[in-house]
Amino acid sequence: MQNGLRVTVETLGCRLNAFEGDALKADFSRRGYRVVDSGDPADVIVINSCTVTGQADRKSRNALYRARRIGDLDEDSRPLVVATGCMATGQQATVSALPGVDYVVDNEHKAGIAAIVDAHLSGEISPPSAVPSGPFAYDQGEHTARARRFLKIQDGCDNRCSFCIIPFVRGRAISRPLAAILDEARQIIDDGFHEIVITGVNIGRYLHDGVNFATLIEKLLALPGQFRVRLSSLEPDHQIAPAIDLLTDERLCPHLHLCLQSGSDRVLLAMRRLYNLESFEQLIDNARHVRPDLNATTDILVGFPGETDADFAATCRAVERLGFTHCHTFRYAKRNGTRAARMENQVDDATKQRRSNTVRKLAATNRAAYLRRLLGNKQKLLVESVSNQIARGYGECFIPIQAPCADSSLVRGFIDVRISKLPLPGADALRAVPVEAIDNGSKAACAQTATVLPT
């Protein structure tokens, strides 16, 4: 056990990386380390990197440079620096050559980083290959500051989209056994968490011993307890269609992040995506038929090689028609080893930036309209924090909400609220009042309306 040594785990990128970063913090905490915020003085710095875009690479390198500069100030107190994650996996030689980086640990061995650090600080040499490994060797335990918990069901991806580096750094698709998933879900519920976020690289392709994604979600929803299930990013192929029907269950959150990438069938074909715009629209339309309050968000990749103004116009029409309230907009960047990196007609940076700005503006307009439609609606607010007599968190549609409440014991609990006002200027949270407060004509009843699991 390490006696209070300080460790920082800085995570970049997706929810899957966030889950793995949280699990690393939990492992360090169990071993006696004190987990501190990024930027605080630390004895160990772990950079959990991302490589999905060129910008992600730059952010990951900058994080490693910052860690190195801490060591430059005082060599005697220089922290141990560990690089892991997708950039560290895909660019091991480059990352290893960075001054100040002590260990480079790939994704396969990421779960063993705390053991590697323990061995190093004890004067031993423990290469990554000597520690427990695998995509499901993580245990978050109760050591998380989040109000919700991630549940990893699979890793890797067998799609070979022409622009994407992720299959090269995450490997082939592998699904976790159903029994292990259900056991962890039960533990999450027993630990007092109300929201379970299903995560992985390509979760809709879950398949283990004949159990597919829809059956898995159905079995999770059948577990006893007061909780809800939220799906992270999904690929819009036919495998997820049966799961959309499960949105009739109120415990499955009506928020889908379906990755469109482009509204042009010509570009989708060049990207080697497994759908066209019509089939994508059918998935969204079916979901809204089941849940009219559905919040749809997406990924958009602008400036793909050969993307014309007409192609981009088709994307804009799709964003408007489908009403995405948020578009995670990427500007295409070459990823070495991918097909798109070798394509002709690369789009210039100024055009990429202009198209990215346009998509973001369209999404902002969609979001404003969606928030107006939520006025007067009931939401189940998952409380993430309580300060200044205001509870803050997210409703089931994954929209931030704040409501009057003075009881900090409600963190991780539910409050039934009714949306009363749009966000204040410069803010993003809808304003609401507890349903009990409306019924009683009082604004001090949130404690009576909350459902709190034992801690």
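None of the figures in this text is laboratory data; all of them are computed from the coordinates on show. The structure displayed is predicted, hence computed values, not measured ones. Note that we place each Cβ from the backbone using ideal geometry, even for glycine, and neighbour counts take in every protein chain shown.
For the chain, the tally of Lys pairs with Cα-Cα distances below 17 Å comes to 12, considering only residues 8 or more apart or on different chains.
Put simply, segment 6-130 fits an ellipsoid with semi-axes of 19, 17, 15 Å; these come from the alpha carbon gyration tensor as the roots of five times its eigenvalues, largest first. Amide H contacts of residue 413: 383, each under 5 Å away and 5 or more positions distant or on a separate chain (H built 1.01 Å from N in the peptide plane; Pro and chain starts excluded). Taking the convex hull of the alpha carbon positions in the chain and averaging its projected area over all directions gives 22.6 nm². Taking label positions 7 Å along the Cα-Cβ direction at both residue 40 and residue 428, the computed distance is 2.4 nm, reported to one decimal.
Under a 5 Å amide H cut-off, with hydrogens placed 1.01 Å from N, residue 173 pairs with 157, 158 among residues at least 5 apart or on other chains. Think of each Lys and Arg Cβ as +1 and each Asp and Glu Cβ as -1; about the Cα centre, that makes the dipole of the chain roughly 1160 debye. Amide H contacts of residue 35: 7, each under 5 Å away and 5 or more positions distant or on a separate chain (H built 1.01 Å from N in the peptide plane; Pro and chain starts excluded).
Segment 1-38 and segment 365-417 have Cα centres lying 28 Å from one another.
Shown here are the Rg and Dmax of the Cα trace of segment 186-242, at 12.0, 35 Å.
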